[in-house]
Structure formats: C-alpha cells, structure tokens
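FYI, it's all coordinate maths here, none of it is from the lab. Here the structure is a predicted model, which is why all the values come from computation and not from measurement. For neighbour counting, all protein chains shown are included, and Cβ atoms are generated from backbone atoms with ideal geometry for every residue, glycine included.
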Amino acid sequence: MIPVWVPDSRNHSPENPYRVKSKEELDGKNFESSLPPVSILVVDDSVDCRMILRMALEREGYRCLEAEDGIAALKLCQKKTIDFIITDFQMPHMDGCEFLEVISSAAVSCPPAVMVTGNLTDSVRMRATHAGALAVLSKPFDQRKILQMVREAVHRKQVAHH
C-alpha cells in the first residue's frame with residue numbers, strides 16, 4: 001500500500017485539511033466506504049457540552065448519539081450499536097463510572113470510553129479507570145485529543161475485524 005496525501009473536504013479543518021488515501025482507495029477500492037458508519041455515544045447532562053462534541057464528531061464523519069444521563073445512555077446501548085463512548089463523570093441519576101460499570105458487566109464487549117469531568121481528582125481518575133475508561137480528561141477538554149482517541153480506537157476495531 002502506497003500512502004498518498006490528497007485534499008479531503010469531508011475532513012477539512014485548519015488543523016488537518018488532508019488525509020492519507022491508499023493507492024487502492026484512489027483506484028476505486030475504498031475500504032472506508034465499505035464499513036458501516038461509526039457511532040459515538042456522548043453522555044453528558046450539559047446540552048452545550050453535548051452540542052460541541054456532536055458538532056466536532058459529525059464534522060469528522062461520525063454518527064453521534066446523545067444521552068443526558070447514564071440511564072438514558074443505557075437505554076440507547078440496548079437499542080443501538082455503539083463503537084465509542086464519551087461520558088461525563090458527574091450527572092444526575094447515574095454518574096459516568098456507574099454507567100460504565102453497568103455496561104461493561106452487561107456487554108459481551110464494551111465499547112472503548114473516555115470520561116470527562118469538571119472536577120478531576122485522583123479518586124475520580126481511579127474510579128473511572130477501574131470502571132473501564134481509557135482516559136479521563138478535565139473540562140474544558142481539547143477536542144483534538146478526544147477526536148484522536150476516537151480515531152485510534154475505531155482504527156483498532158476495524159483492523160481487528162479484517
């Protein structure tokens with residue numbers, strides 16, 4: 001496979017106006033288009049936080065599902081296929097750690113997850129990691145960092161299935 005840098009309007013942003021396309025993709029054998037859309041679940045009681053993440057994720061071509069708390073997120077997980085989770089820690093009814101613990105105990109394979117919080121302490125980090133979070137980020141978070149984590153996790157999943 002020979003990587004080639006080409007302009008990509010789907011992923012155009014000041015930070016990354018290009019992406020690598022393989023020779024096979026340029027010849028019409030587009031590996032990405034043969035894959036189902038990637039679904040990212042954003043769980044946060046803040047409408048603004050969900051909106052910011054949704055816009056960033058959709059701009060990258062991901063399908064974004066939203067839930068305002070862990071209970072609503074669990075219902076979505078039962079109905080939809082989720083490839084990645086971004087969850088807040090502190091929410092009403094069920095916090096992010098409780099949510100991750102429930103889905104990891106119920107799911108055959110729990111999707112990778114990142115936790116965000118406005119109150120990052122060592123105990124929150126330990127709880128989140130124990131619950132299954134790949135990383136815990138402090139709010140306000142760097143969108144590019146979350147998007148990179150999503151890309152890496154999705155890539156690992158796609159490589160594992162092919």
Q) Label-point separation (nm) for Ser105 and Ser123, each offset 7 Å from Cα along Cα-to-Cβ? A) 2.1
**Q.** Cβ-placed point charges (K, R +1; D, E -1), dipole of the stretch 62-162 about Cα centre in debye, nearest 20
**A.** 420
Q | Packing rank of 89-101, 128-140, where each peptide gets the mean count of other beta carbons within 10 Å, highest leading | A | 89-101, 128-140
(Q) Quick query: amide H of Ala113 versus all other amide H atoms, modeled in the peptide plane; which residues come in under 5 Å with a sequence gap of 5 or more or a different chain? (A) Ile85, Leu134
Q | Pairwise FRET efficiency - Asp142 versus Ser46, Cβ, R0 = 22 Å, nearest 0.05 | A | 0.85
Q.
Students often check this: by mean Cβ neighbours within 10 Å, which of 64-75, 112-123 ranks highest, and how do the rest follow?
A. 64-75, 112-123
Q | Normalised contact order of the stretch 36-161, rounded percent, pairs of Cα under 8 Å and 6 or more residues apart | A | 22
Q.
Explain nothing, just compute: Karplus ³J(HN,Hα) = 6.51 cos²θ - 1.76 cosθ + 1.60, θ = phi - 60°, for every residue of the stretch 130-144 in order, whole Hz, x for Gly and Pro.
A. 5, 6, x, 5, 5, 7, 10, 10, 7, 7, x, 9, 7, 4, 4
